[in-house]
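Undergrad: Got a structure for you, written out below as structure tokens; questions coming shortly.
The values are calculated or read from the model by the stated rules, or taken from the named source; none is laboratory data. Just so it is clear, the model here is predicted, and its values are computed rather than measured. Note that each Cβ is placed from the backbone with ideal geometry, even for glycine, and that neighbours are counted across all protein chains shown. Ligands, DNA and RNA are stripped out before the accessible areas are found, and what is left, the full protein with its side chains, is counted by its heavy atoms. Shrake-Rupley method; radii C 1.70, N 1.55, O 1.52, S 1.80 Å.
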Amino acid sequence: REKEIVFVATDGFRLSQKKIAVAGIKEEKKMILPKNALSELSKLAADSEDVNFSFKKAENQVVFGISDSILATRVIDGEFPPYEKIIPTDLKVKLVLDKEELLRAVKLASVFAKDAANVVKLSIGDGYLEIFAESQASGSQKTKVDAKVDGVKDKDSQLTVAFNYRFLEDFLNAVKSDDIQMEFSDPNAPALFLDPKDTNFLHIIMPVRLQS
């Protein structure tokens, strides 16, 4: 029976989860691996279709085989944070929009956000997303992007959420699809960022708390 490997990484401000179906898993095992080792693995495996994977319990090591290369890494002792608890479920607002349009809007806003702790504001209205950044030294930038929006029908249900623009850029640069999906519950809760064509991937970004 086919099972899956679930990769999870977090830095306290954002979290990514990717599930990959694989054959040959006999028992469930959780382990923490060094980021640098997996970064090196992704480079080695860039041109390979298959990666062999084994866990050597006696040495507390994971060994990857890629074509004619072998990469071994130690397993880090300790417990990974209980990340399942922060994956949002009570989501009230959902929007789907063009990835490249949003990336361009974030890049424009970032010029001004760099003087304002990297903060950009996303305002979600009926049928659009507005990206806004303001700098006391340079002025402000506002861009409106068309979006398919569920959960916003009037001014009272509009939502404004602030993020570090670098986190948005990292997500947008990592997604392969033409469109991206974002889901929100409220301005201070973790937001869900998805690739509509990849149901095995999810990304979470913590918002910046806005002064009331």
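Undergrad: Is any residue of the stretch 168-202 close enough, with backbone N under 16 Å, to a label point placed 7 angstrom from the Cα of ASP11 along the Cα-Cβ axis, and if so, which?
TA: 168-175
Undergrad: Same structure again: Given 10 Å bins starting at zero, what is the percent of C-alpha pairs of the chain in each, up to the one with the largest pair distance?
TA: Whole-percent P(r) values from 0 Å outward: 7, 29, 30, 19, 12, 2, 0.
Undergrad: Then there is this: How big is the gap, in Å, between the Cα center of the stretch 1-58 and the Cα center of the stretch 118-174?
TA: 33 Å
Undergrad: Quick check: from the Cα gyration tensor, does the stretch 28-136 come out rounded (a/c under 1.5), prolate or oblate?
TA: The shape class here is prolate.
Undergrad: What are the DSSP H helices in the chain that stretch 24 Å or more along their long axis, judged by alpha-carbon atoms, and whose average Kyte-Doolittle hydropathy comes to at least -1.0?
TA: Both cut-offs are met by no helix.
Undergrad: Further, regarding this structure: Reachable lysines from LYS29, Cα under 22 Å, same-chain residues fewer than 8 places away excluded?
TA: Leaving aside lysines fewer than 8 places away in the same chain, those within reach of LYS29 are LYS3, LYS18, LYS19, LYS56, LYS57, LYS85.
Undergrad: Specify the residue with the greatest mean-square fluctuation among ASP50, ASP11, ASP186, computed from a Gaussian network of the chain linking alpha-carbon atoms under 10 Å apart.
TA: Its mean-square fluctuation being the largest, the pick is ASP50.
Undergrad: Ratio of the stretch 4-90's C-alpha Rg to 2.2 N^0.38 Å, to two decimals?
TA: Working it through for the stretch 4-90, the quotient is 1.18.
Undergrad: Any chance you could run the full-extension gain for ILE86 through GLU100? It's 0.36 nm times the residue separation minus the Cα-Cα distance, nm to one decimal.
TA: On the way: separation 14, 0.36 × 14 = 5.04 nm, distance 2.80 nm.
Contour length minus Cα-Cα distance gives 2.2 nm.
Undergrad: Using Cα-only point scatterers and the Debye equation, what is log10 of I(q)/I(0) for the stretch 137-212 at each q in 0.12, 0.23 Å⁻¹, rounded to two decimals?
TA: Reported log10 I(q)/I(0), two decimals: -0.40, -1.35.
Undergrad: When we measure straight from the Cα of LYS121, which lysines land under 25 angstrom away, once same-chain ones fewer than 8 places off are left out?
TA: Those lysines meeting the cut-off are LYS92, LYS94, LYS99, LYS107, LYS142, LYS144, LYS148, LYS153, LYS155, LYS176.
Undergrad: Follow-up question, since we're still on this one. When the accessible area of the stretch 71-212 is split by element with a 1.4 Å probe, what percent falls to carbon and sulfur?
TA: 46 percent
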